[in-house]
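The block underneath contains the structure these notes are about, expressed in structure tokens.
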Amino acid sequence: MDIAAYISSGIIESYVLGLASEEEVSILNCIRKNNVEVERAIAEAEKALEGLADIQAMAMPDTLKQDIWNRLEAENLVLKDDQSDGLPTEGAISPDAVVQAPILNTQEVPKRIVPARPYGWAIAASILFVLSVSANLFFYQQQKENKEMLVQANTTLDTQNSTLAILQYKWSLVQNPAVKTIALKGVENKPDLHALVFWDQTSKAVYLSLEQMPAAPKGKQYQLWAMVDGQPVSAGVFPLNAKEAMASKMLDVSKAQAFAITLEDEGGKPVPTLTELCVMGSI
């Protein structure tokens with residue numbers, strides 16, 4: 001395992017913030033037992049989070065402190081400043097008096113328990129809890145955005161790689177001296193359409209690329225025709241699942257004087273529909 005890549009993957013931050021899954025925590029605990037670098041990275045992440053809490057810490061307003069104390073006194077949870085503990089003072093006891101130890105009734109239940117005044121730790125714990133939740137939300141949102149950006153980047157890269165592969169393949173056909181490239185241009189009512197036919201003069205293989213042609217409507221397919229001695233011969237239909245820019249393999253053609261494309265019903269027809277003629281080009 002590449003420890004450096006594992007540490008930089010963000011799993012340690014997720015673990016410290018409590019965002020890691022049970023499976024991730026289990027794997028991390030196994031790795032940290034036998035790897036000093038991972039253990040050190042965990043300690044550094046925890047220290048960084050503590051530092052963030054210290055930086056963001058805010059002092060409690062004095063008015064809030066007083067309100068809390070007044071509430072505790074009102075509910076008799078602490079002694080008021082003007083209340084005594086109920087014990088006699090030295091001046092109230094005569095030197096000759098015999099002090100008798102009070103008899104305690106073991107069945108009596110104390111009316112109240114006076115807690116110690118220091119409660120700053122509770123306030124600090126509350127502040128740290130709020131900071132922890134805020135940090136968790138921040139890092140979770142950041143991690144989510146990073147994952148979305150990564151997915152988008154991978155999608156873009158896949159599209160670019162696919163386009164590059166198509167261009168490289170067509171370029172290899174153009175560079176092949178045995179392959180003849182025939183440009184098919186749009187007819188009068190469709191001047192913007194354009195397609196390319198790559199015809200291997202050795203193997204007689206034919207490849208079609210719909211360079212500038214709209215996607216075929218549902219239930220329709222583009223069909224390639226080879227004009228042989230003035231008669232149209234079907235060279236196959238362009239695959240439905242193929243990209244328009246791909247150079248898709250069609251039927252072999254032994255000889256032809258021109259090529260043309262029509263828009264036919266799905267599956268093609270034995271003869272072309274002339275009213276659906278899109279592009280054509282002579283050799």
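Return the residues of region 242-254 that are part of a loop (DSSP other than H, G, I, E, B) and touching a strand residue (DSSP E or B) at 6+ places or on another chain (Cβ under 8 Å); say none if nothing qualifies.
242, 244, 245, 246, 247, 250, 251, 252, 253 - these are the residues of region 242-254 that are part of a loop (DSSP other than H, G, I, E, B) and touching a strand residue (DSSP E or B) at 6+ places or on another chain (Cβ under 8 Å).
So, residue 239, is that one part of a loop (DSSP other than H, G, I, E, B) and either modelled with pLDDT of 90 or more or among the polar types (S, T, N, Q) (or both) or not?
The answer is no for residue 239.
Is it true that some residue in region 255-274 is in contact (Cβ under 8 Å) with a residue 24 or more places away in the chain, surrounded by fewer than 14 Cβ atoms within 10 Å (Cβ to Cβ) and in a strand (DSSP E or B)?
Within region 255-274, one or more residues are in contact (Cβ under 8 Å) with a residue 24 or more places away in the chain, surrounded by fewer than 14 Cβ atoms within 10 Å (Cβ to Cβ) and in a strand (DSSP E or B).
Using beta carbons and a limit of 8 Å, which pairs, at least six apart or on different chains, have the first residue in region 129-157 and within 17 Å of residue 13 (Cβ to Cβ) and at pLDDT below 75 and the second one surrounded by 11 or more Cβ atoms within 10 Å (Cβ to Cβ) and of a type in the set (Ser, Thr, Tyr)?
Correct list of pairs: 139/14.
So residue 217 ticks every box in (1) within 35 Å of the chain's Cα centre (by Cα); (2) at pLDDT 80 or above; (3) surrounded by 13 or more Cβ atoms within 10 Å (Cβ to Cβ); (4) not aromatic (Phe, Trp, Tyr) but one. Which box is left unticked?
With (1) within 35 Å of the chain's Cα centre (by Cα); (2) at pLDDT 80 or above; (3) surrounded by 13 or more Cβ atoms within 10 Å (Cβ to Cβ); (4) not aromatic (Phe, Trp, Tyr) applied to residue 217, the lone miss is (3).
State all residues of region 191-214 that are surrounded by 14 or more Cβ atoms within 10 Å (Cβ to Cβ) and outside any strand (DSSP E or B); if no residue qualifies, say none.
Within region 191-214, 193, 205, 213 qualify.
I'd like to check something: does region 220-227 contain any residue that is assigned to a strand (DSSP E or B), small (Gly, Ala, Ser) and either open to solvent by 50 Å² or more (accessible area, probe 1.4 Å) or touching a residue at least 60 places away in the same chain (Cβ under 8 Å) (or both)?
There is no residue in region 220-227 that is assigned to a strand (DSSP E or B), small (Gly, Ala, Ser) and either open to solvent by 50 Å² or more (accessible area, probe 1.4 Å) or touching a residue at least 60 places away in the same chain (Cβ under 8 Å) (or both).
Please work out which residue is nearest to residue 181 (Cα to Cα), limiting yourself to region 233-254 and to residues that are crowded, with 18+ Cβ neighbours inside 10 Å and touching a residue at least 40 places away in the same chain (Cβ under 8 Å).
Within region 233-254, the match that is nearest to residue 181 (Cα to Cα) is 247.
So for region 16-34 (the condition being assigned to a helix (DSSP H, G or I), of a type outside the set (D, E, K, R) and in contact (Cβ under 8 Å) with a residue 60 or more places away in the chain), does at least one residue qualify?
So the first thing to find is which residues in region 16-34 are assigned to a helix (DSSP H, G or I), and the list is 16-17, 22-34.
When the remaining residues are screened for being of a type outside the set (D, E, K, R), the result is 16-17, 25-31, 34.
Right, trim to in contact (Cβ under 8 Å) with a residue 60 or more places away in the chain and you get 17.
Yes: region 16-34 contains one or more residues that are assigned to a helix (DSSP H, G or I), of a type outside the set (D, E, K, R) and in contact (Cβ under 8 Å) with a residue 60 or more places away in the chain.
Within region 175-193, track down each residue that is closer than 11 Å to residue 213 by Cβ and touching a Phe, Trp or Tyr at 6+ places or on another chain (Cβ under 7 Å).
184
The values are calculated or read from the model by the stated rules, or taken from the named source; none is laboratory data. Keep in mind that what you see is a predicted model, and the values were worked out from it rather than measured. Note that each Cβ is placed from the backbone with ideal geometry, even for glycine, and that neighbours are counted across all protein chains shown. For accessibility, only protein heavy atoms count, side chains too; no ligands or nucleic acids. Shrake-Rupley method; radii C 1.70, N 1.55, O 1.52, S 1.80 Å.
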